[in-house]
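In what follows, a single structure is set out as structure tokens and then discussed.
The values are calculated or read from the model by the stated rules, or taken from the named source; none is laboratory data. Note that the structure is predicted; figures quoted are calculated from it, not measured. Cβ atoms come from the backbone with ideal geometry, glycine included; neighbour counts cover every protein chain shown.
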Amino acid sequence: MADAYKKAGVDIDAGNRLVKAISPLAKATRRAGATADLGGFGGLFDLKAAGYDDPLLVSGTDGVGTKLMLAFQTGRHDTVGIDLVAMCVNDVLAQGAEPLFFLDYFACGKLDEGVAASVIGGVAEGCRRAGAALIGGETAEMPGMYDDGHYDLAGFCVGAVDRDKVLPNTDAMVEGDVMIGLPSSGPHSNGFSLIRKIVAGQGLNWEDKSPFSDGTLADAFMAPTAIYVKELLPLCKAGSIKGLAHITGGGLTENVPRALPDDLAPSYDDKNLELPPLFDWLRSAGELSIEDIRLTFNAGIGMVIIVAQDVADSILDSLPEGRVIGTLVKK
């Protein structure tokens, strides 16, 4: 039967070898509450062992989008797994929750064990950065569904937060509260359909020298999404933060209002939102307005933190890369 299935395009042995290859990577993400052993029908997690007495669970799922096309075109597969984890754990963090465990889904037409191991190695690295356990996943080989050399990725994260620490705390927000921005590492995993169009329109290839930074365009645009858990989780647990906005699709324009009450709006200090060179090049090369940049991309800000005026300075002391980007005002 295995030979018959292999002739149909599905190599069960290759899948088994991949599981053995990635098992040590999963075990390296072990944390309290998880053993990180692979191979069962489901992944187990002991919430009590993780130190929670009255928690709420927070879940998030996402993918990497057309940034995967850069991986296919450049042969760089070791960072998109980090992107996958980051997009999920940063969303969970925005609710004040600690990411506990992660599961991935890798689908392809024909399994390339080396590529898959590189991708899932990135997933494990993202989990390590986030403090989450990689407790399971699925590798699907589906002949005819994907072009040669192509694959798709999806991920799922579960976190926990004590009931009285759920974010955003919109009841506590008032006019004058301060917005602090943490820098992104680039476009993260959003806007790549437009990015690919702009790069192609300039007649450039991904391995060409970058016109705005050292290295190649691939170096700049394949930089993995920043993970903010280790910087911000202690502040969330201490109750120092009123709200968080993860700046993904929809940019600053659409994501910050999601963390605010209906009667308040963000007012930005434009001089502290100067575009980093990558985004300034996209604006110029793509003939985009600032409004386009702030709606399509993160514009250099990956996470926005909302805090009271009287704690803003102490928060900035603990986050040396952060900067005030504006305040909350009455609508």
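Brief remarks follow.
- Any hit, the stretch 108-131, residues being under 27 Å from Lys165 (Cβ atoms), buried (at least 24 other Cβ atoms within 10 Å of the Cβ) and in contact with a Ser or Thr (Cβ under 6 Å, 6 or more places away or on another chain): yes
- Members of the stretch 272-289 that are in a helix (DSSP H, G or I) and modelled with pLDDT of 95 or more: Pro277, Leu278, Phe279, Asp280, Trp281, Leu282, Arg283, Ser284, Ala285
- Taking the criterion of being over 30 Å from Cys236 (Cβ atoms) and either among the acidic types (Asp, Glu) or modelled with pLDDT under 90 (or both), the residues of the stretch 132-159 that qualify are Glu138, Glu141, Asp147, Asp148, Asp152.
- Check on Gly176, over 22 Å from Ile82 (Cα atoms), assigned by TED's automatic domain parsing to the domain that holds Ile306 and over 14 Å from the mean Cα position of the chain (by Cα): yes
- Residues of the stretch 224-256 satisfying the condition of being touching a strand residue (DSSP E or B) at 6+ places or on another chain (Cβ under 7 Å) and more than 30 Å from Ser118 (Cα to Cα): Ser240, Ile241, Lys242, Gly243, Leu244, Ala245, Leu252, Asn255, Val256
- Considering the stretch 53-67, and only residues there that are of a type in the set (A, V, I, L, M, F, W, C) and surrounded by fewer than 19 Cβ atoms within 10 Å (Cβ to Cβ), the residue that is farthest from Ile195 (Cα to Cα) turns out to be Leu56.
- Filter pass, Gly159 being under 23 Å from the mean Cα position of the chain (by Cα), in a strand (DSSP E or B) and not acidic (Asp, Glu): yes
- Only listed residue being of a type outside the set (Val, Ile, Thr), under 26 Å from Ala34 (Cβ atoms) and in contact with a helix residue (DSSP H, G or I) (Cβ under 7 Å, 6 or more places away or on another chain), chosen from Gly191, Gly155, Gly250, Gly186: Gly155
- Taking the listed residues Ala14, Ala50, the one that is at negative phi, surrounded by 14 or more Cβ atoms within 10 Å (Cβ to Cβ), modelled with pLDDT of 80 or more and touching a Leu at 6+ places or on another chain (Cβ under 9 Å) is Ala50, with no other qualifying.
- Phe106 vs. criteria within 13 Å of the chain's Cα centre (by Cα) and not assigned by TED's automatic domain parsing to the domain that holds Val199: no
- Residues (in a helix (DSSP H, G or I), surrounded by 14 or more Cβ atoms within 10 Å (Cβ to Cβ) and either modelled with pLDDT of 65 or more or of a type in the set (Ser, Thr, Tyr) (or both)) located in the stretch 18-47: Leu18, Val19, Ala21, Ser23, Leu25, Ala26, Lys27
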